[in-house]
Structure formats: structure tokens, C-alpha cells
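The values are calculated or read from the model by the stated rules, or taken from the named source; none is laboratory data. From a predicted model like this one, the values you see are computed outputs, not experimental measurements. All Cβ positions, glycine included, derive from the backbone under ideal geometry; neighbour counts span all protein chains shown. When the accessible area is computed, the model is the full protein with side chains, heavy atoms only, and any ligands, DNA or RNA have been set aside. Shrake-Rupley method; radii C 1.70, N 1.55, O 1.52, S 1.80 Å.
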Amino acid sequence: MCGIVGYVGDRPCRDLLIAGLEKLEYRGYDSAGVSVISDGEIDSVRAVGNLANLRAAVEEHSSNGSVAVAAPPATIGVAHTRWATHGRVTEENAHPHGDCTDKIHIVLNGIVENHAELRKELADDGHVFTSETDAEIVSHLIERHYEGDLVDAVRRSFGELRGHYAFVAMHLDHADLLVAARKECPLIVGIGDGENFVGSAIPAFLAETRRVKMVENGEIVTITPEGVEISTPEGEVLEREEDEVTWDEDAAEKGGYPTFMKKEIHEQPDAVAETITDRLPGLDSVDLSELELGDELLRTVDRIVIVACGTSYHAGMIGRYAIEKWARVPVEMDVASEFRYRDPVIRDTDLVIGITQSGETADTLAAMRLAREAGAKVLAITNIMGSQATRDADAVLFTRAGLEIGVAATKTFVSQVAAMYLLGLRLGELRGTLAPDELRELIAGLKSIPSKIEETIATVDARCKAIARSHHERRFFLYIGRHIGLPVALEGALKLKEISYIPTDAYAAGEMKHGPIALLDESTPIVAVATDSPVLEKMLSNVEEARARGADVIAIATEGSDNVAEVADQTLFVPRTDWMLQPILAVLPLQLLAYYIAWDNGLNVDQPRNLAKTVTVE
Ligand code: M6R
């Protein structure tokens, strides 16, 4: 998740901008840059690595006799921290990006979905690109529409862009004007006296002002030293009240949430949108052309093996159900720490998928290496560009969840599940095992997931809090699920034990009668994942069995499933989707339940005892 800061006013702004970026460092980044209008030119410096590198590059740039990026009277500028999604981590790919005349500079967060077609169109018109990014399209598009009015050019460009993004543009000929636009990705204006700020998050300018105006989805903002005007893309000016931010800096880093985990739970719609948007350019096809495996391999592979640890393993399990159902390819899987030591049978015709959000988990890396040595093709699914997994694999599919600080994986999990769905659909498409209509419906369903995640969190949050309040002193929780509900149950149980230290167990519900049912009595809450699926009736019988033994049943169900509510004590509903997509929604109440139980017990949910975010030692 990248960071944006913009300033226009009467103060020298280099340090203000870089200080703003420093406040966004917690979001994670791999390169950074700053552009200001100084002495009649746009002066831009970018650097790979951390902000110390950017500061050093700025110093060097100044001492080389160029127009110093730092030199007063630069009083307008934009700055950015980049977390690479399109294009490698290089100085050329760092923002800001300029147009052909180098008079327009932009910084952008998010993804421009139709970047490939726009790049081609613009290149055919003679535009020359200097980076591999989707973001650079925007500066050239504004250039194409610019006829002396930057606001109008941004508005017209905005109309041509698809995806989810927020950007800020400045033009050399308008040295007191920033124009910004928001489509889903956050954008906030900070109001000062004779100066104004814009940022992707409040910490970017909190040290300077606490007065803010929230920019809503689909709005254009013009920012000058004297004022801020928010309008629709059609030019209708909108009234917007100012708000006063009361958070301290610590809360601001957490986006106003009390913990990183809570913030990251709320970032899930965005994390999934970033992961799927440009890979689903329409409804007919999944674009995974970035995979350096080739369509032929995906079309012909006759066995897939998934290796992963912890939460990533659970994402892999959902992927297994999806791949087997949609593409009819046999999938085996194992926890990486078992796979690597059990002398597994690996064939050179296998595709082995290593799932690791950090890209550094020792067991997963070892399992991937073993597979590669045996001649299999290895695909890494990871969240971190440049991580070891990306170097140890033949191909990489990136999730784009941004930096996850809380040890408990939340937004990286749903992004991994989304990535596995993309892969399952692409395999089904290439192998002809999904009919075109079915593929269309599933793609449409997947595209609607980010807004459904948002809806789910909003509707279940208070109820999860209340349920947690009534159960947080329980000594043991049992989770059950069947089919695609099983990995959700396993993940819910892992979340609760990891952050609350309450023992949990998770079972395939059909296994209950083979022993675990002995655990049940009135002191045991049972969490049943009972969303829509062809085995829902069987799941309900298992719930009845538990109820009959006095257990309190907390059920996760698909909205409208009154039959589930009838047999449960408490039911948390998630929106209806294709049943195979339900896990990505069903896990949300379980994350919140675990969160509130740990919170009620006064625990540090961001850093549970004995656990580190990345497990690199063997
Ligand atoms: O970075 P990885 O995805 O390889 O990490 C694997 C596990 O350590 C991780 O998923 C862990 O189980 C979660 N942090 C639990 O919330």
C-alpha cells in the first residue's frame, strides 16, 4: 500500500513532504520520490530503498548543482512511497511520474486496471514511457487532455481510467495548484492557513494540521494555498464539512483504530481489490499473463501440489477446493514442514505452489527448493516483492495486501484466497472445464467480493463484539466445518488460539462422531461454519448433534439461511455469493470474534507472546 503526500502553500516544502512520507513508513514501501516546482522547473528525485536513501539522493542532487529539490522557494510538491505492484523495484518505476514534456507530475496509489490498453493507445499517439508502471499512464493521459486547464484535464482523464486508485497531479504552469482524484483508494485533505495538504492517510500531515476534509469515492479535488474545492467528475461543486482529528500520533498510524490488527481487518476490501482488479479486466477471462509459466503448462499440468504453513496453508486448502472443482486438476497439499522431510514423490511434470505472505518462511522455502531440485515447476504466491520466495520460484503471483504489521494474518489471508481463486478460474478457463457462462458468473462474483467484505465487516462487527463479551472467559472453543467451510474453521481456530491463548480445536464436522464429540458439554462454545454449500444439510445435522449435548452454537451462515439460525444460539450472517466464494467472507466474523475475545481479555493482539511475524529459522 503506497503513500501519497502533497503540499501547496508558502513554506519550503521538501522537508515537509519527506517528513510526511516518514509518517507513512509503517505502511511499507520499497522506493520513494519527491517532485517540487522550483525555479521554473519540476525538480524530481527518486530512490530505491528507504527514506534515508531518498534524503541522500536529494542531497547529492542539490550538491551536483542542479536546481535543488530542497531549495526555497519550492512551495508546491508531491511525494510518494511505493510498494511495487506493476514493475520491478527500480528508480525508474518509483513515483512521481512525468509526462513527455516533463511539465506534469503525478503520484498514484492503487491500480489502473486498463493500463495496458491505455499505454498502447498513448504509445501509438507518440507518448514515450520511461517506466513499467501503470501509474505513468496517468501523467500521459493528463498531457493528452491538457489544453491549459489542469482540472479539466484531470477530470477527462479520470473518466477514462478504470480500477481503484487515488492520485495527485501538478503542472509546471500552475505553480499553486494540486489536483487530486479518488476512486476507492483513500484520499484526505489537510487544511492549513494559507497552505493545504493532501495525503493517502492522515499521519501524512498530522504534525501540521488537524483540520481535515474527507474526499469520497469518485470525487475530484482542487487544492490551492487559499482553499480546497471538492467536485464530482462532471464538475458539480460539493459542500464538505471540515472535521477535526483528535487522534494522537500512535492512533493516527493505526488509521484511528486501536490496533494494527483492527486496521488490517478493515483494509481487507482494499487488499482483495488490489489483488484482483487488473487481473479481471472483463467478465470473460482472467488475465494472469504475468505468470512466467506459460498457458501450455497450465493447460496440461496433471498434478498440483501446494505447500505452505499456518494461515497460508489454510488459503491453500481453499485453493485446492477451487482448483479441483473448476479445473478438475488433482491437487495434493501438505504443511511445508512435513513435506520437506517426508521424502515426497515429486514428478518433473508437477506444478508445486508455495504460498507464503512474507516470502521468507524457512519451511516453505525449503519445500519449494526440494520441488525445484526434483524438476517440478514452482510457483510462489507471496505478498513481498524481492523476497526469497520470488527468487526460488519459476514464477510468482503477487498478492497485493500491503504491509501487514499485526502478527495475526488477516488481510494477507484474504488476498491469498483471492489469488487462489484467480488461479483456479484461469486453469478452468484454459482447460475448458468451466463453461463460459459459469466463468462469467464466477468472475462477476469475485469482482463483487471487495464490496461484500466491506458490507460484512460493517454488519457483523458489533455482533461479534457482543458475542465475544459473552464468551471471552470460556476455556475452550471447538470449530467445525465441512468442504470449503473446513479451512475457514481451521483458520478461525488458529486466529483465536494465536491471539487469545485460549485452547481451540478445529475439525471436519463429519469427524465429530469419531471422538471429538466427547468434548462437548454446556461449557463448550462450538463455532460452526455453515455457509451455503452442497453439504449444508449434513453440516446442520452436526450442529444439531452439538446442540443436543448442551454446547452453545455460534454459526456463520449465508444471509437468508433461516434453517441455520434455527439450530444455532447465535448466527453471524455473511452476504450471499457463489458458494465456492463464501470462505473469503465467512472468515471475517471469525477474525473479529478472535479479535474481540483477545481484546476483552486485555491482550496485545498485534504481538502475541512467543510469535514472530516471519519464521525464518529452521
Ligand atoms: O509468511 P508466511 O505466510 O509463510 O507465514 C506462515 C505462517 O507463519 C503464518 O501464516 C501464521 O500462521 C500467521 N501469522 C497466523 O496468523
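Here is the tail figure for segment 280-367: Cα pairs spaced more than 15 Å apart come to 63 percent of all pairs.
Between the amide H of THR571 and those of ALA555, distances stay under 5 Å, these residues lying 5 or more places away or on another chain, with hydrogens modeled in the peptide plane.
By the gyration tensor of its Cα atoms, with a ≥ b ≥ c the square roots of the eigenvalues, what is the shape of segment 544-592: rounded for a/c under 1.5, prolate for a/b over b/c, or oblate? Judged from the Cα gyration tensor, segment 544-592 comes out prolate (a/c at least 1.5, a/b above b/c). Within segment 19-108, all pairs of alpha-carbon atoms sorted by distance into 5 Å bins from zero give the percentages 3, 15, 25, 27, 20, 8, 2.
Using the Kirkwood radius over C-alpha pairs as Rh, can you work out the diffusion coefficient of segment 1-61 via Stokes-Einstein at 4 °C, viscosity 1.567 mPa s, in µm² per second? Reported coefficient: 108 µm²/s. The accessible-area ordering, largest first, of the residues CYS464, CYS309 stands as CYS309, CYS464, per a 1.4 angstrom probe. Coupling constants for segment 351-364 follow from the phi torsions by the Karplus curve (6.51 cos²θ - 1.76 cosθ + 1.60, θ = phi - 60°), and in residue order they are 10, 9, 10, x, 10, 7, 5, 6, x, 10, 5, 4, 5, 5 Hz; glycine and proline get x. Rounded, prolate or oblate, given the Cα gyration tensor of segment 242-304, with a/c below 1.5 counting as rounded? It comes out prolate by the Cα gyration axes.
Only one residue of LEU422, SER541, HIS472 has its Cα farthest out toward the positive end of the dipole of segment 394-551, where Lys and Arg carry +1 and Asp and Glu -1 on Cβ, and that residue is HIS472. Equivalent ellipsoid of segment 485-618: semi-axes from √(5λ) of the C-alpha gyration tensor, largest first, are 25, 18, 14 Å. Cross-link reach is defined here as a Cα-Cα straight distance under 23 Å, omitting same-chain residues fewer than 8 places apart; for LYS377 the lysines meeting it are LYS325.
Normalised by the number of residues in segment 12-139, the average gap of Cα pairs under 8 Å and 6 or more apart makes the relative contact order 26 percent. Taking θ as phi - 60° and the Karplus parameters 6.51, -1.76 and 1.60, the scalar couplings of segment 330-337 work out to x, 10, 10, 8, 7, 5, 4, 6 Hz in sequence order, x denoting glycine and proline.
Only Lys, Arg, Asp and Glu carry charge here, each on its Cβ (+1 for the first two, -1 for the last two); on that basis segment 62-161 has a dipole of about 340 debye about its Cα centre. For LEU24, the amide hydrogen comes within under 5 Å of no other amide hydrogen, counting only partners 5 or more places away or on other chains and with H modelled in the peptide plane. Can you give the FRET efficiency to the nearest 0.05 for ARG303 and TYR341, using r as the Cβ-Cβ distance and R₀ = 22 Å? After rounding, the FRET efficiency stands at 0.60. With an a/c value under 1.5 for the gyration tensor axes a ≥ b ≥ c computed over the alpha-carbon atoms, segment 90-186 is described as rounded.
The DSSP beta bridges internal to the chain are antiparallel in roughly 60% of cases. Enclosing the Cα atoms of segment 402-462 in their convex hull gives a volume equal to 102 cubic angstrom per residue. Along its principal axes, the chain has C-alpha extents of 78, 53, 47 angstrom, given from the largest down. Rolling a 1.4 Å probe across the protein heavy atoms gives the chain an accessible surface of 36 Å² per residue.
Here the accessible area of segment 381-511 is 50 percent carbon and sulfur, with a 1.4 angstrom probe and all protein chains present. On segment 147-208, 42 percent of the accessible area sits on carbon and sulfur atoms, based on a 1.4 Å probe.
Rounded to the nearest 500, the helix-only mean residue ellipticity at 222 nm of the chain stands at -11500 deg cm²/dmol, with each DSSP H run of n ≥ 4 adding -39,500 (n - 2.57). Pairs exceeding a 27 Å alpha-carbon distance, out of LYS262/LYS452; LYS103/LYS254; LYS465/LYS497; LYS263/LYS497; LYS447/LYS513: LYS103/LYS254; LYS447/LYS513.
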